[in-house]
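So the structure is just underneath, and the comments pick up after that.
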Amino acid sequence: MRGADGDARLLAGLIRDGFEAYHARFAAVTRRARGRFQRRDWAGARADAVERIGLYDLCIAQTVDAVRRAAGDSVGTRALWLQIRPAYAALLDGLIDAELYKTFYNTLARRLFATEGVDAAIEFMAMDVEPSDAITHPVARHSYTLSATRPAEAIVRVLGDYRFDIPYAHQLRCAAAIAVRLQDDLAHWGDYPVRSIELLDTVFYRERRAYLVGRVFGEHRFSPCVIALVNDGQGLRAEAVLTGRRDVAHLFGVSRSYFQADLATVGDAVVFLRSLLPAKPIDEIYTVLGRAKQGKTERYRTFFRHFQEQASEQLVHADGTPGMVMAVFTLPSYPLVFKLIRDRFAWPKSMTRHQVEEKYALVFNLDRVGRLLDAQPYRHLRFPRARFSPALLAELLGQCSGSVHAEGDELVIALCYVQRRFRPLNLYLREQGSEARRRAALDYAQAITDMARNNIFPGDMLPKNFGVSRHGRAVFYDYDELCLVSDCHFRAWPTPRNDEEALADEPWFQIGPRDVFPERFWMFMGLPAAELAAVREHFAHLFDPGWWQGLQARFAAGDFPDTAPYASSHRLA
């Protein structure tokens, strides 16, 4: 007979094994990225991304079943879990990725207990310590010294150390172009700007590119260094080099899909990436590496630590036009918004709550091409009731009863979606000068184009549904009308046959539920006149039904256009 201690150790071992099984399956899917890239199997790469996202919940469910079978009737006994927690902690001693194991344990415990909020007695939740601070193990990397007179020789070695089953179309030419770009980008460092390069062993894959990620060093400073490789069917080619933190931050941004990077351990890679992007929150780095659940944990940890420190600050309505589907609130001093589904939607919205949840789940699995914000769902969050402004509290309790309820001095949010806070585009256009307005409007049109080329139709194009980043990049964040381009019926607006039809207040022809009329988009963009004129001039294709129909034909043939994640100015000669 094992006794309570033996049972706790057995169950702790089962949970550890469950995480390691998940980790192994995650790595197996990730390793496919190399072959997909070499074979130019872009559809397979998309399928792998979706499969990997679903692995976490699948493995949690399988581990829950194993624990239930092993524990029997005592599985829900709190006294047992008070022993499992320290037994599990002992198994993690010294592991670099102990936090990932702990998050897996927390998710499993919540599923078993249906916990609302955080149960600190049986969960792991240190609010005062950032877990990566304890990691001193250096991530595996290559280092290269560059000659002042022949820097391309070192770059040839760089490319040679990252071996693929297909050759470079012209390796020496690629190396020379990379060396020239590094020298040009960093010329302000001095006469001999680039002294060495340090790159992670692991190649990062996403969409149609492979990335070598690291740092470039001068005599007294360093900068990020990301080399983008493409396989264009004629062999490998170095397409771009990124050395600016802003550009690398975009590459690792919250509006992009997750990388496929086969990292032996994750925490040490996160520490390294934070040295490249010190302003990027740790939760976003975990998330973009595909560890979305850990990203959620770190986002919760850092937000609530800040929330407790700012004890006098109230939660208030987020800036922008109130949504007909979502109520949105924020803590002004922290760059997140919380979105709750309303009980009833104002006309003309006709969808159900379930359909809204399906839209957000769809975005979670889509290739977001840098234009759709990651929206992480959180369940059973608890906030002190007193921390809500009176107007916000009244709205949430009166209009979002399916998402929130009061329990004593607390508000319990059953489900909300959390996103980075961006400035709503409609407000931005009112606040900026003419040149900034023009740039923002054109990037808004570019965002619609980028999404369309990846089979995403925003549905509602009003600027209030788009945000602008601190770098001036437009992103879409309101998903209740979003759908696939391939599911729409793009039509030309019929020509009236007589004056009566031309002057009719309502359309005089039949309109189907999926009919879309690009020629009329300008009426629903809500842009100021000058900015609308610029969009119609530079993005005339958006108003052409034939362009949209051409995209649909390409998608039907399995041909998705390529959308580079950086400006053309970063491309090598």
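Descriptive notes on the structure:
- Distance from the Cα centroid of the stretch 529-549 to that of the stretch 1-50 is 46 Å (rounded to whole angstrom).
- Relative to the globular-protein estimate of 2.2 N^0.38 Å, the Cα radius of gyration of the stretch 485-555 stands at 1.25.
- Rounded if a/c under 1.5, otherwise prolate or oblate - the stretch 3-115, Cα gyration tensor axes: prolate
- Helical runs assigned H by DSSP (4 residues or longer) give the chain a calculated mean residue ellipticity at 222 nm of -13500 deg cm²/dmol, each run adding -39500 (n - 2.57) before division by the residue total.
- Debye, to nearest 20: dipole size of the chain, +1 on Lys, Arg Cβ, -1 on Asp, Glu Cβ: 940
- Where a label projected 7 Å from the Cα of V50 along Cα→Cβ would reach, residues of the stretch 434-468 with amide N under 11 Å: none
- Of the DSSP H helices in the chain, those with a Cα length along their own long axis of 18 Å or more and a mean Kyte-Doolittle hydropathy reaching -1.0 comprise 3-39, 42-71, 78-91, 98-113, 171-185, 353-365, 434-452.
- The convex hull around the C-alpha trace of the stretch 423-570, projected and averaged over every direction, spans 10.5 square nanometres.
- In the chain, a dipole from Cβ-located charges (positive for Lys and Arg, negative for Asp and Glu) runs towards its positive end, and of C225, W522, V418 it is C225 whose Cα lies farthest in that direction.
- Antiparallel beta bridges, as assigned by DSSP with both residues in the chain, represent about 90 percent of the total such bridges.
- Checking the cross-link pairs K102/K280; K293/K359; K293/K349; K102/K359; K296/K359 against a 26 Å limit on the alpha carbon distance flags K293/K349; K102/K359 as lying beyond it.
- Cα gyration tensor, the stretch 141-301 - rounded (a/c under 1.5), prolate or oblate: oblate
- Loop trypsin sites (Lys or Arg not before Pro), the stretch 431-498, which have at most 15 other Cβ atoms in a 10 Å radius of their Cβ (DSSP): R470, R497
- Loop sites here are chymotrypsin sites (Phe, Trp or Tyr not before Pro) outside DSSP states H, G, I, E and B with no more than 14 other Cβ atoms within 10 Å. The longest part of the chain free of them is 1-507.
- Candidate aspartates and glutamates for bridging to K464, where Cα separation is under 19 Å - those fewer than 8 sequence places away on the same chain excluded: D319, D374, E431, D443, D450, D478, D480, E481, E531
- Ranking I178, V248, G190 by how far each Cα lies toward the positive end of the dipole of the stretch 141-301 (charges on Cβ) leaves V248 at the top.
- Anisotropy class of the stretch 36-179 from Cα gyration tensor, a/c 1.5 cut: prolate
Computed from the coordinates by the stated procedures, all read-outs in this text should not be read as laboratory data. Worth saying up front: this structure is predicted, and the values here are computed from it rather than measured. Positions of Cβ are backbone-derived with ideal geometry, glycine not excepted, and every protein chain shown enters the neighbour counts.
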